[in-house]
Amino acid sequence: MKRKIKKLPIIILVVILLTIIISIVTVKHIQKINSTSYKLGQLGYNENDITIIEGLEEKQIEEILNKEYNAVIPNLMKEKYFLFKNLDEYITYFQKNNSTSLERIIAIVNVKSNYDRYDEKIVIATDINKGNLLLVNKYNYLQADYIPEDIVNIPLTYAFDDNQTTKEVLSAFKNMWTAAKKEDLTLIVNSSYRDYESQEQVWNSYEKQRGEDYADSIAARAGYSEHQTGLALDITTYGANKDTFEETDEFKWLDKNAHKYGFILRYPKGKEDITGYAYESWHFRYVGKEIATKIKKENITFDEYYAYYEQ
């Protein structure tokens, strides 16, 4: 009888310990199956994928957990200009264009080039409060009555007759012109600020020549032209035209140095599907030295810069 009494506390202690252990194991199991990593693993994501996805905000992770497993999601997230808000559009575009690189898909979707240009469902009035960084393209337009406040005439030393731009752009161009001149190169502004009505005439003339598609490939519709901003300059030199300017020393110099003065090549070669325009070696846009240098360094278009850094 005495032996049984002595064993009872031991049995009670063992039961308590087992209860504690079972409770701890149960809690840990519950925590595990409710953890993000476990849920992602159950969907099919590997450890590397899970690490990438767990870097998102909580709401964004929940959104992925509510989707079916998709191996492209972590790979999209590795791309520098990935924007989570565009995830579904990236996936949709990839499904239809899986031979296109993810880098390119992200660029196309970010700038809305996965939509038809001038699509009334998505075009918006641009934010004119952006100053030198206001975006005008085939998805962002200026009102017909928009006129820059500080438009001035460009002296004939720097341009052909009847050219205008903003004061800041003119000052920057003069500095660039002077630097080029020191290397015996001559930069000439061939076309600059155009109001809504002037741009309408330009587009209509191309449309009459070869139709709407042709006109859209080389000129903006009225309201969608950078020239209306007063921040764009078409640059040439003596003896050159649009077809030959790329071959000149002046263009080669601009290609290397324009960013130092705040200008970017607005419609570069190989980016036609992003900008919506054929390559224009002569069309330079003023954005300021800091941003121009960033765009040059990252080898992106202004559309890509704006979509990732300004929206």
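The values are calculated or read from the model by the stated rules, or taken from the named source; none is laboratory data. Model, not experiment: these values are computed from the prediction. Cβ placement follows ideal geometry from the backbone for every residue including glycine, while neighbour counts extend to all protein chains displayed. Only protein heavy atoms, including side chains, enter the accessible area calculation; ligands, DNA and RNA are left aside. Shrake-Rupley method; radii C 1.70, N 1.55, O 1.52, S 1.80 Å.
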### Query
In whole Å, what is the distance between the alpha-carbon centres of the range 116-158 and the range 230-297?
18
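Averaging the inverse of every distinct alpha carbon separation and then flipping it gives the Kirkwood radius. What is it for the range 185-245, in angstrom units? Please report the intermediate quantities before stating the final value.
Working: mean 1/r = 0.0803 Å⁻¹.
After inverting the mean inverse Cα-Cα distance, the result is 12.5 Å.
In what sequence, largest accessible area first, do Lys289, Lys130, Lys297 appear using a 1.4 Å probe?
Working: Lys289 125, Lys130 55, Lys297 180 Å².
These residues rank, largest area first, as Lys297, Lys289, Lys130.
Rounded to the nearest 5, what % of DSSP beta bridges with both residues in the chain are antiparallel? Walk me through the numbers on the way to the answer.
Values: 14 of 17 bridges.
Counting DSSP beta bridges with both partners in the chain, the antiparallel share is about 80 percent.
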#### Entry: Near-label residues of the range 257-291 by backbone N, under 20 Å of a point 7 Å along Cα→Cβ of Asn175
257-266, 284-291
### Task
Determine how large the accessible area of Asp88 is when every protein chain is in place; take a 1.4 Å probe and give Å² rounded to the nearest 10.
80
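Provide Rg over Rh for the range 180-311; use the alpha carbon set for both Rg and the Kirkwood Rh (inverse mean inverse pair distance). It would help to have the intermediate numbers written out before the result.
Values: Rg = 14.9 Å, Rh = 15.5 Å.
Using Cα coordinates only, the ratio equals 0.96.
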#### Entry: Largest-first ordering by accessible area, 1.4 Å probe, given options Arg221, Arg210, Arg117, Arg194
Arg210, Arg117, Arg221, Arg194
#### Entry: For the range 103-157, the Rg and Dmax computed from alpha carbons only, in angstrom
15.0, 45
### Straight-distance crosslink candidates among lysines, where the alpha carbon sits under 19 Å from Lys208 and sequence neighbours closer than 8 are dropped
none
### Query
Which three lengths, in whole Å and largest first, does the range 1-147 cover when its Cα atoms are put on their principal axes?
104, 37, 24
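How big is the dipole moment of the range 131-251 about its Cα centre under a simple scheme where the beta carbon of each Lys and Arg is +1, that of each Asp and Glu is -1, and everything else is neutral? Debye, nearest 20, please. Can you show the working numbers first?
Working: 10 positive and 22 negative charges, 32 e Å.
With only Lys, Arg, Asp and Glu charged at Cβ, the dipole is about 160 debye.
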### Query
With every protein chain present, what accessible area does Ser37 have (1.4 Å probe, heavy atoms only), rounded to the nearest 10 Å²?
50
### Message
What would the Debye equation give as log₁₀ I(q)/I(0) for the range 93-225 at q = 0.20 Å⁻¹, counting only Cα atoms as equal point scatterers?
### Response
-1.19
### Task
Compute the semi-axes of the equivalent ellipsoid of the chain, taking the square root of 5 times each eigenvalue of the Cα gyration tensor, and list them largest first in whole Å.
61, 21, 17
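Carbon and sulfur: what percent of the chain's accessible surface (1.4 Å probe)?
On the way: 8710 of 17690 Å².
Carbon-and-sulfur percentage of accessible area, whole number: 49.
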### Task
List the equivalent ellipsoid semi-axes of the range 250-305 in whole Å, largest first, each obtained as the square root of 5λ for an eigenvalue λ of the Cα gyration tensor.
17, 13, 8
### Task
Evaluate the relative contact order of the chain (contact order divided by residue number), counting alpha-carbon pairs under 8 angstrom at least 6 apart; express in whole percent.
13
### Accessible solvent surface per residue of the chain, calculated while the other protein chains remain in place, 1.4 angstrom probe, Å²
57
### Query
How large is Rg over Rh for the range 210-273, taking Rg from the Cα atoms and Rh as the Kirkwood inverse mean of 1/r across Cα pairs?
0.98
### Query
Roughly how many nanometres apart are two label points built 7 Å out from the Cα toward the Cβ at Asp88 and Leu18?
5.3
